[in-house]
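J.: Here it is, the structure in full.
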Amino acid sequence: MASKKILFVAADLELFKSCFIQGEWENCEFETAPDRCSSAQLTSLLTSNNLAAVVYMEGRTKHWEALKRYFDDGGVLVFFGIVGEFGAPYHFSSRLGFTWRFSAYTAHEFRLTPKAMSYLGSAVIEQQYTKSNLISAPEEDRWMVPKAPTMEEYLSDYHDFSDEQDAAEDELEEIKEAREEYVKYVESLNNQCPLAVHENSNGGKFIYLGFVNGDGNIPKFVRGLFLGEKTSA
């Protein structure tokens, strides 16, 4: 089987490996573009037959036009968002014809969305409580979102309404308002996304990795994304 190549352009390969690579990635090789990579050199690297993905870290990289052409032509382009450039998600997404925005740097428990499970499988769908650089993205681009409480958990844990049936009459209106707030609360969580993928009409994928470490199942999700594999427990 021919090996797959992952190219790092103005991105820290060793940092990426320390966070996300556990063991060997069989039939996969990593390459870093030269620091002073000419347009001709980069074009040659980006047209390699076995190139599986390109990773970059700088929101305003000088190589943007070449990377954009690679994505437009059907390539897999990955933004390694560990540093947390707050303006970067909007900057690059708007230039590609969609809109992502930085939304938060905080910790949640996360779970894959149905869209993500169609690619990565459902053997592993949850990620433990961990911090990430999070973005607001359209529903069709979200691959991982915070785990939301149920309505009952929300009423109990956030508003201290433990037994609605025995609530006093003056509390019923408060419970009604809390139920309405719940919908908005869940949507606010859905817009704190550490992993997003936008697909274009040519089969290109733009991937946002907002994880700031490799805790829990993160390396499994990253491997599945890059190598096109289903995750395993």
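The values are calculated or read from the model by the stated rules, or taken from the named source; none is laboratory data. Because the structure is predicted, anything quoted here is derived from the model rather than measured. Cβ placement follows ideal geometry from the backbone for every residue including glycine, while neighbour counts extend to all protein chains displayed. Surface accessibility is based on the protein's heavy atoms, side chains included, excluding ligands, DNA and RNA. Shrake-Rupley method; radii C 1.70, N 1.55, O 1.52, S 1.80 Å.
For (1) at pLDDT below 85; (2) touching a strand residue (DSSP E or B) at 6+ places or on another chain (Cβ under 8 Å), each residue gets a yes or a no:
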residue: 136; (1), (2): no, yes
residue: 140; (1), (2): no, no
residue: 156; (1), (2): yes, no
residue: 182; (1), (2): no, no
residue: 203; (1), (2): no, no
residue: 209; (1), (2): no, yes
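J.: Would it be correct to say that residue 132 is polar (S, T, N, Q), farther than 16 Å from residue 192 by Cβ, within 17 Å of the chain's Cα centre (by Cα) and buried (at least 17 other Cβ atoms within 10 Å of the Cβ)?
T.: Values: polar (S, T, N, Q): yes; farther than 16 Å from residue 192 by Cβ: no; within 17 Å of the chain's Cα centre (by Cα): yes; buried (at least 17 other Cβ atoms within 10 Å of the Cβ): yes.
Answer is no for this residue.
J.: Could you say which residue among 31, 26, 14 is among the acidic types (Asp, Glu), open to solvent by 10 Å² or more (accessible area, probe 1.4 Å) and assigned to a helix (DSSP H, G or I)?
T.: 14
J.: In region 75-113, what count of residues is obtained for those that are open to solvent by 70 Å² or more (accessible area, probe 1.4 Å), in contact with a helix residue (DSSP H, G or I) (Cβ under 9 Å, 6 or more places away or on another chain) and part of a helix (DSSP H, G or I)?
T.: Summing the residues that are open to solvent by 70 Å² or more (accessible area, probe 1.4 Å), in contact with a helix residue (DSSP H, G or I) (Cβ under 9 Å, 6 or more places away or on another chain) and part of a helix (DSSP H, G or I) in region 75-113 gives 1.
J.: A further question on this structure: What single numbered condition from (1) within 16 Å of residue 210 (Cα to Cα); (2) modelled with pLDDT of 95 or more fails to hold for residue 86?
T.: Here residue 86 meets the rest and fails (2).
J.: Does residue 124 satisfy being of a type in the set (Val, Ile, Thr), modelled with pLDDT of 95 or more, over 15 Å from the mean Cα position of the chain (by Cα) and open to solvent by less than 60 Å² (accessible area, probe 1.4 Å)?
T.: The answer is yes for residue 124.
J.: State the number of residues belonging to region 55-74 that are acidic (Asp, Glu) and in a helix (DSSP H, G or I).
T.: 2
J.: Quick check on residue 148: is it surrounded by 14 or more Cβ atoms within 10 Å (Cβ to Cβ), out of contact with any strand residue (DSSP E or B) (no Cβ under 6 Å at 6 or more places or on another chain) and either touching a residue at least 40 places away in the same chain (Cβ under 8 Å) or not in a helix (DSSP H, G or I) (or both)?
T.: yes
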